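Okay, handing you the structure first.
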Amino acid sequence: MTLWIVLAVMTAIAATGVCLPLLRRTPRRPALVAVLAATFAAALAGLYPMLGRPGLATLRPAPPAPATGDQPDPELVKDLPLLQARLRAAPGDPRGWRLLGMVYSRLGRFGDAADAYGRAVDLAPREPDDLSSQGEALVQAANGMVTPGARSLFKKVLTFDPADARARYFLAMAKDEDGDHAGAMADWIALIKSAPPDAPWLADMRDFVGRVAAERGVDLAAQFGPQAAPAGQQAMIRGMVDRLAAQLKAQPRDADGWIRLMRSRMVLGDPASASGALRDGLAAFSDSAPTQTKLRDAAKSMGVPGA
């Protein structure tokens with residue numbers, strides 16, 4: 001499904017002189033108009049996967065580095081003026097503005113995307129996905145900062161849908177920006193725990209939390225607890241702990257890191273790996289008897305074999 005098909009349908013709808021919001025309120029509408037409305041909805045359904053729904057694909061503790069080789073989709077660039085013209089002819093359809101917001105986002109025009117989603121929100125103010133999309137576009141336009149306007153939108157989203165993952169993620173990011181790092185981490189972990197196992201953003205979320213936890217010395221095993229097996233969380237934590245082990249292998253002079261790794265291995269029921277972490281930590285500090293004593297004492301308190 002390509003954009004020109006949607007534009008052709010929108011042209012036909014505009015030619016009828018009837019906007020789609022009015023169609024929903026008209027008891028006896030012409031058959032042709034009904035068919036056009038259904039065709040337009042089907043066209044959008046086919047186009048949305050091509051454009052990609054805004055979501056949690058750009059998880060980050062800080063704005064990402066700008067891409068250097070990305071080029072806008074030439075088809076979207078070519079057809080954008082047609083879509084804009086059709087919306088000028090039929091400005092009362094929130095789905096058209098929603099589509100325009102998605103196109104602008106794909107083109108990297110995030111300020112324009114926020115404006116387009118805002119028009120959709122004006123026409124359908126109780127649609128949480130439009131509110132959430134507008135909030136994310138504002139964040140992207142601000143180079144990753146969760147602006148006051150975006151925060152207000154995400155809070156409004158949660159009044160309609162308390163489980164909205166995008167709103168919950170960015171409001172936690174706002175806490176992080178305000179210096180409440182523990183609160184942000186708690187909210188991100190709660191988001192992971194409540195996520196369906198097949199959520200398309202879950203793998204990115206797990207990786208994001210694992211990276212931030214490793215950078216900030218957060219003991220994820222303690223956060224999730226030993227009963228983290230449901231919904232694949234045990235495997236998620238194991239992956240995060242493995243990343244901590246890899247980080248310590250690259251930068252082994254981190255006594256607290258070795259202690260966190262031993263504790264995490266014990267919580268996961270892997271005492272052999274905990275013993276291995278103790279050995280590696282002792283080797284990393286072979287020149288520091290006090291640090292070795294610290295590691296051994298910590299290992300003994302956890303019941304690490306061979307401590």
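The values are calculated or read from the model by the stated rules, or taken from the named source; none is laboratory data. Just so it is clear, the structure is predicted and the values come from calculations on it, not from any experiment. A quick note on method: Cβ atoms are made from the backbone with ideal geometry, for glycine too, and the neighbour counts reach across all protein chains shown. Heads up: the accessible areas ignore ligands, DNA and RNA and are worked out on the full protein's heavy atoms, side chains in. Shrake-Rupley method; radii C 1.70, N 1.55, O 1.52, S 1.80 Å.
Return the only residue of Q251, Q292 being under 20 Å from A214 (Cα atoms) and open to solvent by 20 Å² or more (accessible area, probe 1.4 Å).
Step by step, each of Q251, Q292 is checked, and only Q251 is under 20 Å from A214 (Cα atoms) and open to solvent by 20 Å² or more (accessible area, probe 1.4 Å).
Table: residues versus (1) of a type in the set (F, W, Y); (2) more than 21 Å from M240 (Cα to Cα); (3) surrounded by fewer than 14 Cβ atoms within 10 Å (Cβ to Cβ).
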| site | (1), (2), (3) |
| --- | --- |
| T159 | no, yes, yes |
| R166 | no, yes, no |
| A172 | no, no, no |
| W188 | yes, no, no |
| I192 | no, no, no |
| P196 | no, no, yes |
| D207 | no, no, no |
| V212 | no, no, no |
| R216 | no, no, yes |
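Each row is one residue, and each column tells you yes or no for (1) under 15 Å from the mean Cα position of the chain (by Cα); (2) farther than 19 Å from P128 by Cα; (3) of a type in the set (A, V, I, L, M, F, W, C).
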| residue | (1), (2), (3) |
| --- | --- |
| Q140 | yes, no, no |
| S152 | no, no, no |
| K156 | no, no, no |
| F208 | yes, yes, yes |
| Q223 | no, yes, no |
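Here's something else I'd like to know. Looking at this structure, is S275 part of a helix (DSSP H, G or I), of a type in the set (S, T, N, Q), in contact (Cβ under 8 Å) with a residue 40 or more places away in the chain and surrounded by 14 or more Cβ atoms within 10 Å (Cβ to Cβ)?
no
Which residues, taken from region 279-294, are more than 42 Å from the chain's Cα centre (by Cα) and farther than 17 Å from G306 by Cβ?
Selection gives D287, S288, A289, P290.
Conditions tested, residue by residue: (1) more than 23 Å from the chain's Cα centre (by Cα); (2) closer than 30 Å to V212 by Cα; (3) modelled with pLDDT under 85.
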| site | (1), (2), (3) |
| --- | --- |
| K78 | yes, no, yes |
| M102 | no, yes, no |
| A113 | no, yes, no |
| A124 | yes, no, no |
